[in-house]
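Notes to accompany the following structure.
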Amino acid sequence: MFDRILLPLDRSALAECVLPHAIALAHAFESQITLLHVMDTPREARWRRAMDPLNWQIRKAEATAYLSEVDARLQTAGLLTDPHILEGIAAEQVIGFADIHASQLIILSSHGQSGLSEWGVSSVVQKIAQRAHTSVMIVRAAQPVVLDAPGLRYQRILVPLDGAPRAEYILPAAATLARAHDAHIVLAHLVQQPTLPRRTPPSREDVELADQLVARNQAEATQYLDQVQSRITGKVDTRVLVSDHLAAALHDLVEQEKIDLVLVSAHSHTSQTRWPYGDVVSNLITYGTTPLVIVQDSLQAPTAPASIEATNGEPGEQ
C-alpha cells in the first residue's frame, strides 16, 4: 500500500523525529524510502541575483553530505533508499516531486528548521498536507532522535470509522501495521448528539426523541464495528462514543487509550472531497499530539471487506 515513501528532511534535529517512524513503516510495508532535501530559494528575483555562488555550492555540498549520512544510517537499518536534492520553494518542490514520482506516502515532521511554535504544524507542513495528492503522515516534533536506539514499535493504533465504505480504505494499512508490530487496534465510531432547540429549553418530547436517535445510532454503530472486527485478525477492540463535539471526543480517546498512532481516512461520509480533508481530520492535523497517518481516499475505490483479509495475508499488498 505504501511501496514508495517520500521523506523530506531540512537538516534540522526536529525534522529527524520522522526517522524511527519511517523505518517502522518501511519494514511493515516493504517500502522504498526516497530522501529529499530542498535547498530553499527566495521567490524575489532581486534576492536570487544577490546570491553568492560560492556560498550556494558550499550549502549544496553540506546538504549532499548530510543526505549521504542519513542514507547510510537507513541502509544500516535494512532499508532501500534513494536520496535527492532539489532547489526551489520547499513546499512546492515536495508536492511536485511526490506527484512526478507517484509517492504513496509523505512523512513529515510537524516542525523543522523554524523551530517549535504555538502552531500545531509549521506553515510548510500545512501547505504540503493541503495540496499533496497522496497520503500523509505527520510526526509531532520532539527531542532529537537517536536512530540507533531500539526499533520503534507501535502498541496501540486508533482507527476511527464512520460506516462509509471509503473510510474502510484505511483498514488494510492498519492490519498490516498491527501484524508487523504486534499492535492492538482500537476501532472507534463516534455518534453525534442531535442538535436541540437553542432559543427555548427543549421539551420532554424533544429530549426523548434525541435519546431514541442516539440509542439507535449506538446500536447500529456497535453492530457495524463488530462486523469490521470480525474481518481483522489479531488484537482488536471497539469503542462507540457519544459526543456533541466529535474531534474533542477523539482527542480524549487518544489520551485515555494511550494511543501511539492514529490512522484516519481523509474524509468522513459527510465530507466534501473537493477539499483535502474533512473537519475532524483538519482538527487532528492542527491540534493532535500523536503521530497521524491520513490515508487519502478521494481518488480511491471503496475497499471491499475481503481485501482486509487479503492484506493480512501478504505484507505490503494493497
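The values are calculated or read from the model by the stated rules, or taken from the named source; none is laboratory data. For clarity, every value in this text was computed on a predicted model and none was experimentally measured. Cβ coordinates were reconstructed from backbone atoms using ideal geometry, including for glycine residues, and neighbour counts include every protein chain displayed. Heavy atoms of the whole protein, side chains included, go into the accessibility calculation; ligands, DNA and RNA do not. Shrake-Rupley method; radii C 1.70, N 1.55, O 1.52, S 1.80 Å.
Structure summary
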{"item": "10 °C / 1.306 mPa s Stokes-Einstein diffusion coefficient of region 60-154, Kirkwood radius on C-alpha pairs, µm²/s", "result": "106 µm²/s"}
{"item": "Acute angle (nearest 10 degrees) that the helix 204-230 long axis makes with the longest principal axis of the chain, alpha-carbon atoms", "result": "60 degrees"}
{"item": "Solvent accessible area, Å² - His184, 1.4 Å probe, full protein context", "result": "40 Å²"}
{"item": "Candidates Pro194, Pro20, Pro276: whichever shows maximal mean-square fluctuation once the chain is modelled as a Gaussian network with Cα springs under 10 Å", "result": "Pro194"}
{"item": "Antiparallel %, DSSP beta bridges [both residues in the chain], to 5", "result": "5 percent"}
{"item": "Cα gyration tensor shape for region 72-112, rounded if a/c is under 1.5, else prolate or oblate", "result": "prolate"}
{"item": "Separation in nanometres of the label points that stand 7 Å from Cα toward Cβ, at Asp206 and Ala72", "result": "7.0 nm"}
{"item": "Percent RCO, i.e. relative contact order, over the chain, from Cα pairs under 8 Å lying at least 6 residues apart", "result": "21 percent"}
{"item": "Thr222, Thr76, reordered so the largest accessible area comes first (probe 1.4 Å)", "result": "Thr76, Thr222"}
{"item": "Helix axis angle, 246-256 relative to the chain longest principal axis, alpha carbon, degrees", "result": "80 degrees"}
{"item": "Kirkwood-based Rg to Rh ratio, the chain, C-alpha trace", "result": "1.02"}
{"item": "Of Ile259, Pro83, Met39, farthest towards positive along the dipole that unit charges on Lys, Arg, Asp, Glu beta carbons give the chain", "result": "Met39"}
{"item": "In sequence order, calculated HN-Hα J values of region 187-199 (Karplus, 6.51, -1.76, 1.60; Hz; x Gly/Pro)", "result": "8, 10, 10, 9, 9, 7, 6, x, 7, 9, x, 10, 6"}
{"item": "GNM flexibility winner over the chain from Ile170, Ile100, Ile294 (Cα, springs under 10 Å)", "result": "Ile100"}
{"item": "Surface accessible to a 1.4 Å probe, Thr41 within the full protein complex, Å²", "result": "30 Å²"}
{"item": "Highest-MSF residue in the chain out of Leu213, Leu79, Leu54 [GNM, Cα springs under 10 Å]", "result": "Leu54"}
{"item": "FRET efficiency for Asp52 and Glu30, using Cβ-Cβ distance with R0 set to 51 Å, rounded to 0.05", "result": "0.70"}
{"item": "Region 22-124: relative contact order in percent, alpha carbon pairs under 8 Å with at least 6 residues between", "result": "35 percent"}
{"item": "Region 180-225: trypsin sites (Lys or Arg not before Pro) falling in loop per DSSP and having at most 12 other Cβ within 10 Å", "result": "Arg198, Arg199"}
{"item": "Alpha carbon Rg of region 159-253, scaled by the compact-globule rule 2.2 N^0.38 Å", "result": "1.29"}
{"item": "Shape call, region 79-224: gyration tensor on alpha carbons, a/c limit 1.5", "result": "prolate"}
{"item": "Cut-off of 10 Å, at most 11 other beta carbons, DSSP loop: longest stretch of the chain lacking such GluC sites (Glu not before Pro)", "result": "119-318"}
